[in-house]
Amino acid sequence: MSEYKYPIVKSFVTELQRIFRDPGVVVIFIVATLAYPLIYKALYWNEQINDVPVAVVDLSNSPESRAFLHQWNASPDIRLTHSCTSMAEAEQLLRNQKVHGIIYFPHDFERQLADPLGKAHISLYCDMSSFLYMKAIYLSCNQVMLESMRNIQIDRYEQMGMDKEFAWALVQDAPYSETALFTPTGGYGSFLIPAVLMLILHQTLLFGICMLGGTAREENDENYSFASLIGRAGACFLIYFGLAAILLGFFPRLFGIPHIGAIDDILLLIVPYLLAIIFFSLCVSVFIRNRESGLVLLISTSLIFLFMAGISWPKEMIPAAWRYLSYFIPYTWGAHAFIHINSMGASLLHTNGFAASAATEWIALWILAAFYFIMASGLFYIRKKRVLENK
Amino acid sequence: MKIILQNIWRVLLRELKMMFARPLYLFASVGVMLLSTFFFLTLMKGGAAEKMPMAVVDLDQTTISRRLIHEMQATPSVDIQLITNSYPEARQAMQNGKIYGIFVIREGFYRDLVSFKRPQIDFYVTNAYTVGGNTTYKQMLTMANLVSGAFQREVLRKKGLTDDVIMHRIQPLAIEGHMVANPWGNYSIYLVSTILPGILGLICLMLTIFAIGFELKARTSHAWLRAAGGNYTIAMIGKLIPYTLIYLILGIGCHLILYRFVGFPVYGSTGRLMFGLLLFILAMEALGITMIGLLPTLRDALSIGALYSMLGFSLSGFTYPQMAMLPPVKALSYLEPLRHYYLIYVNEALMAAPVENSLPNALALTAFMLASLCVAPRLHRALVYWNYPLK
């Protein structure tokens, strides 16, 4: 090994050899990192949930209720699959999961609409076993309700003696337009996959580095010199820079996941993100005794990191203690930065009137990288002394 | 018979010694489960997204626009954190992840409203954060409709109508939403009910693989079989008894915490739900045996086990419903024990469905247990001949 003049270069090359000669690490670093995004894309292939089956209980059996149902059935979100004569029958269908919603028109529905002072009610029952059922049923029904309501209002104003045009203007006095910015499809995959891509990078690096550390410890091949720290980090960085560029830059463009960010911004984001994860993982790996124990112990952190970052559950609703803790996890900053840049068009290099700056998260990642670099140096130093004592 | 019991006892004692010699076993089971339970139960505060930050772009700046802002601020679901007269500023705040929605009141809104020129309200949401985006969207939609209602009320008042009469003209039709089995729309109940059992299953799977695989890796399997008098069945029973007890106690504890202590609702039978959870735990343990039996190299079995069980969280269909998945993915979801536990949970806890609805899922979980018997000859050979790659 004396052919390397500098110990850093030596440990860099040694680490690359150790990674590629270890099928276990190759599986985690390369196979899992590339396969997982494909699996998740296949899983969430249909962005929207369509044709949620709904049962109808129409006790009024009136032209008005039929018109309402006809209009609702036209929406792609739901499909009216069963017509029931009683609530009990519909509840039975819901209980057996044949339908995920029930719409109920009471007897007096038509009468209340015809009465100029009446108020008609529709009852809507949503299956809460998945929140996406409720979203599909409730929002589409609400839309139809608002439209029908306007027609009824116009009729009633006309009955009061207003002329039709005035009634129409009054009802439509403040029309609105709604726009989903950045991710117009609003699908589940568009929302989750960017966050999952960042999590895959984070967790495969963590598990892989712990496996490398545990293996070295099992084989009494530990090297806790400063040169080794830099060399090992460098080897992981080299491999992961390529992988991250594929996952974050190429993958969303290939599979139609939102990608309005600039490539150079994404590459720029990758640098501190990877450094922070690598030094964080090197810190953790010092405590890992066996090749496999890292995976067994840390597998559930994947879910904890995901939720703690405040992506599926809004960060504003996370108790302060967990939020502060989350600031120490590179994933928290990395995931938000990537979503801001990739999915919402924020930027690092091209900030102007249109693109906000994602600099806060970027700087936080650099601070974390520096923090964990110092921590790792310290832990390596302590561990080195311990290993020498044991010898 | 006495000899069999003696052998089981000997294996069991050996296992207990190993278990307490390595902190990993207890930490990865009891420690991880306690931490996860504490984490997920404290993460979501009340379980409803409240005070989601949003922005109002007030270009009108009249009494009516200010009243609108005031009324919106009074609602529990949103918190107006930014009032500005610059749309780009609001858009940038959204790109920075500071707000989830933008409500725009155009210039001349009040003037146009009173002169029946139908001024438009625009609102924008982000779908990059799904819960925050949805909550804000619903509130802005309600608000846009309220504006219309409030103005109609003013006009009708001037025409000399009483408030009572007016209300029925403005709101002739209403939807009463009912969220079946989770009337509070509590996100925590929805999420934690499946995610915590899922984590417990993950622990069972990984630790079972580890406990058996480590004997293979450390080449201690001969000593293990010797303790069992050379009998594979006795060796497995003795080894798995302590772990199974730990898993079952953790399962019962988790169940009691969720449904007794925290008070998540169960509309069907708590006994059957708990039975379902115990079946699920045993199925995950059996799946662990199957995996190490098929892949006797510890590292391979653990990597596959991790991949398989992490996918279970998505494939179970509790977030993204199974009905929206592609057919091959749908088929795959039945191979995840968590999918079956989730369905039992829906039947028992939410739908109070007849027991025969859960029967296929209970049978499927039992099938996972029986499947682990099929790998017995292969695993036995591996224990005896060490015929697998070591690293």
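How about the stretch B:35-49: which of its residues are within 24 Å of B:Glu71 (Cα to Cα) and within 7 Å of another protein chain (Cβ to nearest Cβ)?
Answer for the stretch B:35-49, where residues must be within 24 Å of B:Glu71 (Cα to Cα) and within 7 Å of another protein chain (Cβ to nearest Cβ): just B:Ala49.
Mind checking which residues of the stretch B:234-265 are touching a residue at least 24 places away in the same chain (Cβ under 8 Å) and farther than 18 Å from B:Gly198 by Cβ?
B:Ile234, B:Ala235, B:Met236, B:Ile237, B:Gly238, B:Lys239, B:Leu240, B:Ile241, B:Pro242, B:Tyr243, B:Thr244, B:Pro265
Within the stretch A:310-339, can you find the residues that are among the aliphatic types (A, V, I, L, M) and either surrounded by fewer than 24 Cβ atoms within 10 Å (Cβ to Cβ) or in contact with a Cys (Cβ under 6 Å, 6 or more places away or on another chain) (or both)?
Residues satisfying the conditions are A:Met317, A:Ile318, A:Ala320, A:Ala321, A:Leu325, A:Ile329.
Read through the list (1) under 30 Å from B:Tyr388 (Cβ atoms); (2) at pLDDT 95 or above; (3) in contact with a Gly (Cβ under 8 Å, 6 or more places away or on another chain), then give the number of the only condition that B:Leu302 fails.
It is condition (2) that B:Leu302 fails.
Of the residues A:Ala370, A:Ala364, A:Ala376, which is at negative phi, in a helix (DSSP H, G or I), aliphatic (A, V, I, L, M) and in contact (Cβ under 8 Å) with a residue 40 or more places away in the chain?
Of A:Ala370, A:Ala364, A:Ala376, the one residue that is at negative phi, in a helix (DSSP H, G or I), aliphatic (A, V, I, L, M) and in contact (Cβ under 8 Å) with a residue 40 or more places away in the chain is A:Ala376.
Out of the residues in the stretch A:158-181 that are within 18 Å of B:Leu173 (Cα to Cα) and at the interface with another protein chain (Cβ under 7 Å from one of its Cβ atoms), state the one that is surrounded by the most Cβ atoms within 10 Å (Cβ to Cβ).
Here the answer is A:Leu170.
Which residues, counting only those in the stretch A:379-390, are free of Cβ contacts under 8 Å to residues at least 40 places away in the same chain and farther than 13 Å from A:Phe226 by Cα?
Within the stretch A:379-390, A:Arg386, A:Leu388, A:Glu389, A:Asn390 qualify.
Within the stretch A:86-100, is there a residue that is in contact with a Leu (Cβ under 7 Å, 6 or more places away or on another chain) and within 13 Å of chain B (Cβ to nearest Cβ)?
Checked against the condition, which is being in contact with a Leu (Cβ under 7 Å, 6 or more places away or on another chain) and within 13 Å of chain B (Cβ to nearest Cβ), the stretch A:86-100 yields at least one hit.
Inspect all residues belonging to the stretch A:55-64 and state whether any of them is within 13 Å of chain B (Cβ to nearest Cβ) and part of a strand (DSSP E or B).
yes
Here is a check on your reading of the model: is B:Ile166 more than 7 Å from chain A (Cβ to nearest Cβ) and either in contact with a helix residue (DSSP H, G or I) (Cβ under 7 Å, 6 or more places away or on another chain) or surrounded by fewer than 17 Cβ atoms within 10 Å (Cβ to Cβ) (or both)? Let's see the steps before the verdict.
On the way: more than 7 Å from chain A (Cβ to nearest Cβ): yes; either in contact with a helix residue (DSSP H, G or I) (Cβ under 7 Å, 6 or more places away or on another chain) or surrounded by fewer than 17 Cβ atoms within 10 Å (Cβ to Cβ) (or both): yes.
It is true that B:Ile166 is more than 7 Å from chain A (Cβ to nearest Cβ) and either in contact with a helix residue (DSSP H, G or I) (Cβ under 7 Å, 6 or more places away or on another chain) or surrounded by fewer than 17 Cβ atoms within 10 Å (Cβ to Cβ) (or both).
Residues B:Gly317, B:Gly312: which one is outside any helix (DSSP H, G or I) and under 21 Å from the mean Cα position of the chain (by Cα)? It would help to see each step written out before you state the result.
Working: B:Gly312 fails: outside any helix (DSSP H, G or I).
Of the residues listed, the single one that is outside any helix (DSSP H, G or I) and under 21 Å from the mean Cα position of the chain (by Cα) is B:Gly317.
If I go through the stretch A:292-347 residue by residue, how many of them are farther than 22 Å from A:Phe29 by Cα and in a helix (DSSP H, G or I)?
19
Can you work out which of the residues in the stretch A:348-366 that are surrounded by fewer than 14 Cβ atoms within 10 Å (Cβ to Cβ) and more than 10 Å from every other protein chain (Cβ to nearest Cβ) is farthest from the chain's Cα centre (by Cα)?
The selected residue is A:Leu349.
Which one of these does B:Leu16 not meet: (1) away from chain A (no Cβ under 12 Å); (2) outside any helix (DSSP H, G or I)?
(2)
Can you find a residue in the stretch B:360-368 that is under 15 Å from the mean Cα position of the chain (by Cα) and either in the same structural domain as B:Gly288 (by TED's automatic domain parsing) or not in a helix (DSSP H, G or I) (or both)?
no
Give the stretch A:136-157 a look and list any residue that's more than 7 Å from chain B (Cβ to nearest Cβ) and of a type in the set (Lys, Arg), or say none.
Answer for the stretch A:136-157, where residues must be more than 7 Å from chain B (Cβ to nearest Cβ) and of a type in the set (Lys, Arg): just A:Arg150.
Which residue out of B:Pro377, B:Pro296 is part of a helix (DSSP H, G or I) and either more than 20 Å from B:His255 (Cα to Cα) or among the hydrophobic types (A, V, I, L, M, F, W, C) (or both)?
Result of the check over B:Pro377, B:Pro296: B:Pro377.
Scan the stretch B:311-355 residue by residue and report those that are closer than 18 Å to A:Asn50 by Cβ and at the interface with another protein chain (Cβ under 8 Å from one of its Cβ atoms).
Passing the criteria: B:Gly317, B:Thr319, B:Tyr320, B:Pro321, B:Met323, B:Ala324, B:Met325, B:Leu326, B:Val329.
The values are calculated or read from the model by the stated rules, or taken from the named source; none is laboratory data. It should be emphasised that the depicted structure is a prediction, and the values quoted were computed from it without experimental measurement. Every residue, glycine as well, gets a Cβ built from its backbone with ideal geometry; the counts of neighbours run over all protein chains shown.
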